[in-house]
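Novice: Got a structure for you, questions after.
The values are calculated or read from the model by the stated rules, or taken from the named source; none is laboratory data. Bear in mind the structure is a predicted one, so any value in this text is a computation, not a measurement. Cβ coordinates were reconstructed from backbone atoms using ideal geometry, including for glycine residues, and neighbour counts include every protein chain displayed.
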Amino acid sequence: MASTPLTLILLTLTICLRAQAQAQAPAPSPSGSLNLTAILEKGGQYTTLIRLLKETQQLTQIESQLKSNSQGFTLFAPTDNAFMNLKSGALNGLSDDQKVKLILFHVTPKYYSLSDLLTVSNPVRTQATEKEGTWGLNFTGKGQQLNVSTGVVDTPVNNALRQQFPLAVYQVDKVLLPLELFGENQKSPSAPSPKSSKTSPETPTVAAKAGGAPSPSGDQKDTAPPRNLALGLVLAGLAFFCMGVLS
Ligand SMILES: *[C@@H]1O[C@H](CO)[C@@H](O)[C@H](O)[C@H]1NC(C)=O
Ligand SMILES: *[C@@H]1O[C@H](CO)[C@@H](O)[C@H](O)[C@H]1NC(C)=O
Ligand SMILES: *[C@@H]1O[C@H](CO)[C@@H](O)[C@H](O)[C@H]1NC(C)=O
């Protein structure tokens with residue numbers, strides 16, 4: 001009687017592993033072919049950013065450099081609202097070169113998790129940085145709340161659209177205006193228009209998305225279910241595992 005469930009488990013496991021080997025064989029999916037457009041499109045509110053990334057050729061730049069840059073990249077992705085809330089003409093007033101710099105300013109040549117950014121030393125180099133200390137981003141954390149600051153804007157870093165080496169993509173609700181373009185000459189005070197009334201009610205906190213946070217699973221060992229139930233659970237688990245592998 002005791003041998004029956006065991007046999008079942010072994011059988012399931014064997015079938016499962018064989019199926020897994022077959023399922024994985026024909027899909028060697030080359031790593032390093034990340035589709036940034038797809039990541040942003042999935043976010044649903046980055047059409048302006050996607051357009052700018054394309055216009056400035058930075059989409060292909062980033063995607064191709066992701067294959068060779070061993071440090072990875074981090075992109076701060078302003079929402080469509082963020083662009084809409086810019087002072088009118090702020091973007092159109094820029095030359096093509098300045099637009100490229102503005103986009104490069106939203107990218108760091110290094111992968112940072114949100115928890116990395118809470119403790120990073122400022123200022124952080126961006127792709128726009130040529131001279132050390134210029135075109136940098138400053139990060140400040142208070143508890144689990146992380147802000148990015150350029151000297152012109154200071155805004156929370158919210159949602160992680162992707163947080164996995166080699167590419168991190170974080171939502172920002174303001175366009176990161178560099179001091180070098182929007183600072184000294186006060187012609188662009190970048191005052192948000194009145195309709196920018198806190199348009200992100202559902203943005204999760206850094207803590208929720210930071211990942212790697214140890215789960216507070218305490219000692220649950222001494223509440224193990226009875227044996228038959230445990231076997232049932234194992235079988236169910238295997239079945240689910242199998243379905244996952246095969247799908
Ligand atoms: C990336 O994703 C976009 C949108 O999903 C798609 O149109 C494009 O063809 C993809 N590019 C590659 C290289 O797969
Ligand atoms: C960023 O931080 C550095 C170092 O703390 C500081 O010297 C610099 O003034 C800061 N820049 C901005 C724009 O806040
Ligand atoms: C982040 O920026 C907001 C304004 O955009 C400010 O109210 C908040 O105090 C800042 N938080 C930190 C940790 O600097």
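Novice: Can you work out which of the residues in the range 144-175 that are outside any strand (DSSP E or B) and closer than 12 Å to residue 76 by Cα is farthest from ligand 3 (Cβ to nearest atom)?
Specialist: Among them, the one singled out is 175.
Novice: If you don't mind, another one. From the list 133, 141, pick out the single residue that is modelled with pLDDT under 95, touching a Leu at 6+ places or on another chain (Cβ under 8 Å) and either assigned to a helix (DSSP H, G or I) or not aromatic (Phe, Trp, Tyr) (or both).
Specialist: Of the residues listed, the single one that is modelled with pLDDT under 95, touching a Leu at 6+ places or on another chain (Cβ under 8 Å) and either assigned to a helix (DSSP H, G or I) or not aromatic (Phe, Trp, Tyr) (or both) is 141.
Novice: Within the range 108-159, work out how many residues are in contact with a Phe, Trp or Tyr (Cβ under 7 Å, 6 or more places away or on another chain), of a type in the set (Ser, Thr, Tyr) and surrounded by fewer than 21 Cβ atoms within 10 Å (Cβ to Cβ).
Specialist: Qualifying residue count for the region: 2.
Novice: Here's something else I'd like to know. Could you please tell me which pairs satisfy a Cβ distance under 8 Å, a separation of 6+ or placement on different chains, a first residue in the range 135-154 that is under 16 Å from residue 113 (Cα atoms), and a second residue that is β-branched (Val, Ile, Thr) and within 8 Å of ligand 2 (Cβ to nearest atom)?
Specialist: 137/150; 138/150
Novice: Name the one entry in 87, 101 that is charged (D, E, K, R), away from ligand 1 (no atom under 16 Å from the Cβ), in contact (Cβ under 8 Å) with a residue 40 or more places away in the chain and surrounded by 18 or more Cβ atoms within 10 Å (Cβ to Cβ).
Specialist: Only one candidate qualifies: 101.
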